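J.: My questions all concern the structure below.
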Amino acid sequence: MGNVMAASSTPSSAAASLDKAAKLGMPEPAAPGSYTGAQAVENVVKETKLDNPGTVEELHKKCKDIQAMTFEGAKVMLNKGLSNHFQVSHTLNLCSTQPSGYRFGATYVGTKQFSPSEAFPVLLGDIDPSGNLNANVIHQFSPRIRCKFASQIQESKITAAQLTTDYRGDDFTASLTVGNPNIFNNSGVFVGHYLQSVTQKIALGAELAYQYGPNVPGGQIAVLSAVGRYTSGDSTWSGTLGPGGVHVCYYQKASEQLQIGVEVETSLRMQESVATLGYQVDLPKADVVFRGSFDSNWNVCGVLEKRLQPLPFSFALSGRLNHTKNQFRLGCGLIIG
């Protein structure tokens with residue numbers, strides 16, 4: 001009987017213990033199948049883990065991409081894919097104010113993949129009948145290290161050469177760029193970038209540019225600038241602050257069809273400031289993309305791109321108008337392939 005009485009008193013004793021623990025502020029025992037303390041901490045760490053912020057070079061990319069990039073005259077481009085990895089292009093440009101003529105281009109994409117949407121190495125180049133060449137090489141050696149090389153040859157001389165190396169950490173990106181190094185006259189440019197994710201919305205960093213050579217006052221000069229970006233939903237603020245001036249951009253995705261961007265660039269050395277408002281309108285049902293922009297120098301620009309379905313053609317119409325200078329530039333293009 002004593003055992004029966006002891007067994008019958010156990011539930012009430014357990015309930016009393018729980019009530020006493022609740023009054024004292026002590027945590028209740030974990031129920032079967034619930035998270036333990038270690039699991040809760042692990043979930044919090046996963047939620048607060050910061051993402052890679054990208055590169056400083058891409059800081060103002062969203063705002064720049066929706067602005068109208070106008071052209072003048074007539075342009076015809078033919079793209080032809082020879083395989084899954086190799087493509088060639090033929091471009092004929094007729095213009096009175098810009099270099100015109102025929103250019104041949106080629107693109108090669110390798111088989112090394114680190115993500116489903118990217119493959120390396122990537123080789124791009126175009127050349128005209130005079131031998132003027134533009135070449136770009138992009139290769140990712142590992143999931144964290146990527147290199148980009150760009151070169152330009154004009155009149156059988158290398159007029160520009162640039163090598164950029166990016167190291168992408170879990171929550172930061174460090175980049176180093178070497179531009180136009182010349183061992184004969186001891187000149188060149190070095191640019192270092194660093195961008196760190198501080199929170200899920202804020203990324204801060206710095207840019208250090210160093211140039212040396214006989215044409216530089218004092219033989220060398222260094223400029224340090226601060227960069228930052230704030231992202232909230234579909235809007236992005238980005239800015240660069242340095243001795244040379246201030247560069248601020250704001251991007252907003254208003255809807256699936258409309259994107260808006262505002263850019264203000266101030267040069268303290270030139271004592272001038274330019275503000276630009278750009279927008280992009282996408283009409284998927286009509287296969288139309290329109291980009292427009294206007295700035296404080298009274299330049300009004302617009303580019304209309306129309307996909308001519310079911311043919312593999314795209315028609316482009318470009319216009320640029322300056323009210324104060326009474327200038328108007330019109331361009332039309334046809335892209336095949």
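J.: Just to be sure I understand, how many residues within region 132-143 are in contact with a Gly (Cβ under 8 Å, 6 or more places away or on another chain) and open to solvent by 60 Å² or more (accessible area, probe 1.4 Å)?
T.: Going through region 132-143 one residue at a time, the tally reaches 1.
J.: Right, something else. Identify the single condition in (1) under 22 Å from the mean Cα position of the chain (by Cα); (2) within 26 Å of residue 74 (Cβ to Cβ) that residue 333 does not satisfy, given that it satisfies every other one.
T.: Among (1) under 22 Å from the mean Cα position of the chain (by Cα); (2) within 26 Å of residue 74 (Cβ to Cβ), residue 333 violates only (1).
J.: Let me ask something else. From 165, 97, 159, 173, grab the single residue that is hydroxyl-bearing (Ser, Thr, Tyr), within 29 Å of residue 303 (Cα to Cα) and not in a helix (DSSP H, G or I).
T.: Result of the check over 165, 97, 159, 173: 97.
J.: Let me ask something additional. Within region 144-189, which residues are in contact (Cβ under 8 Å) with a residue 40 or more places away in the chain and open to solvent by 30 Å² or more (accessible area, probe 1.4 Å)?
T.: 168, 170, 171, 172
J.: Right, here's the next one. Let me confirm something: among 219, 192, which residue is at pLDDT below 95 and open to solvent by less than 50 Å² (accessible area, probe 1.4 Å)?
T.: 219
J.: Could you tell me whether region 118-130 includes any residue that is more than 19 Å from residue 86 (Cα to Cα), without any contact (Cβ under 8 Å) to a residue 40 or more places away in the chain and touching a Leu at 6+ places or on another chain (Cβ under 9 Å)?
T.: No; the residues of region 118-130 include none that is more than 19 Å from residue 86 (Cα to Cα), without any contact (Cβ under 8 Å) to a residue 40 or more places away in the chain and touching a Leu at 6+ places or on another chain (Cβ under 9 Å).
J.: Further question: Looking only at region 176-185, which residues are in a strand (DSSP E or B) and not polar (S, T, N, Q)?
T.: 176, 178, 179, 181, listed by residue number.
J.: At pLDDT 95 or above and farther than 30 Å from residue 198 by Cα: which single residue out of 140, 87, 154, 98 fits that description?
T.: 87
J.: Report, ordered by the first and then the second residue, all pairs with beta carbons closer than 7 Å, sequence separation of six or more or different chains, a first member in region 84-97 that is more than 15 Å from residue 337 (Cα to Cα), and a second member that is open to solvent by less than 80 Å² (accessible area, probe 1.4 Å) and at pLDDT below 90.
T.: Close Cβ pairs (under 7 Å, with a partner that is open to solvent by less than 80 Å² (accessible area, probe 1.4 Å) and at pLDDT below 90) amount to 93/100; 94/100.
J.: Further question on the same structure: Please determine, by comparing only the residues of region 83-109 that are among the polar types (S, T, N, Q) and in contact with a Leu (Cβ under 9 Å, 6 or more places away or on another chain), which one is most open to solvent (accessible area, probe 1.4 Å).
T.: Here the residue is 100.
J.: What pairs can you find where one residue is in region 198-214 and at positive phi and without any contact (Cβ under 8 Å) to a residue 60 or more places away in the chain, the other is open to solvent by 60 Å² or more (accessible area, probe 1.4 Å) and in a loop (DSSP other than H, G, I, E, B), and their Cβ atoms are less than 8 Å apart, with a gap of 6+ or different chains?
T.: Within 8 Å, the pairs are 213/185; 213/186.
J.: Looking only at region 108-130, how many residues end up being outside any loop (DSSP other than H, G, I, E, B), under 21 Å from the mean Cα position of the chain (by Cα) and of a type in the set (Ser, Thr, Tyr)?
T.: 1
J.: Continuing with the same structure: Show me the strands (runs of 3 or more DSSP E) found entirely inside region 235-337 where at least 1 residues are closer than 30 Å to residue 206 by Cβ and either in contact with a helix residue (DSSP H, G or I) (Cβ under 6 Å, 6 or more places away or on another chain) or open to solvent by less than 30 Å² (accessible area, probe 1.4 Å) (or both).
T.: So the answer is 235-242, 245-253, 258-267, 272-283, 288-295.
J.: Restricting attention to region 222-234, report how many residues are touching a residue at least 40 places away in the same chain (Cβ under 8 Å) and either open to solvent by 40 Å² or more (accessible area, probe 1.4 Å) or part of a loop (DSSP other than H, G, I, E, B) (or both).
T.: Matching residues across region 222-234 total 1.
J.: Could you tell me whether region 56-71 includes any residue that is surrounded by 16 or more Cβ atoms within 10 Å (Cβ to Cβ) and farther than 30 Å from residue 264 by Cβ?
T.: no
The values are calculated or read from the model by the stated rules, or taken from the named source; none is laboratory data. This structure is a prediction, so every number in the text was calculated from the model and none was measured. All Cβ positions, even for glycine, are placed from backbone atoms using ideal geometry, and neighbour counts span all protein chains on display. Note: areas computed on protein heavy atoms with side chains; ligands, DNA, RNA excluded. Shrake-Rupley method; radii C 1.70, N 1.55, O 1.52, S 1.80 Å.
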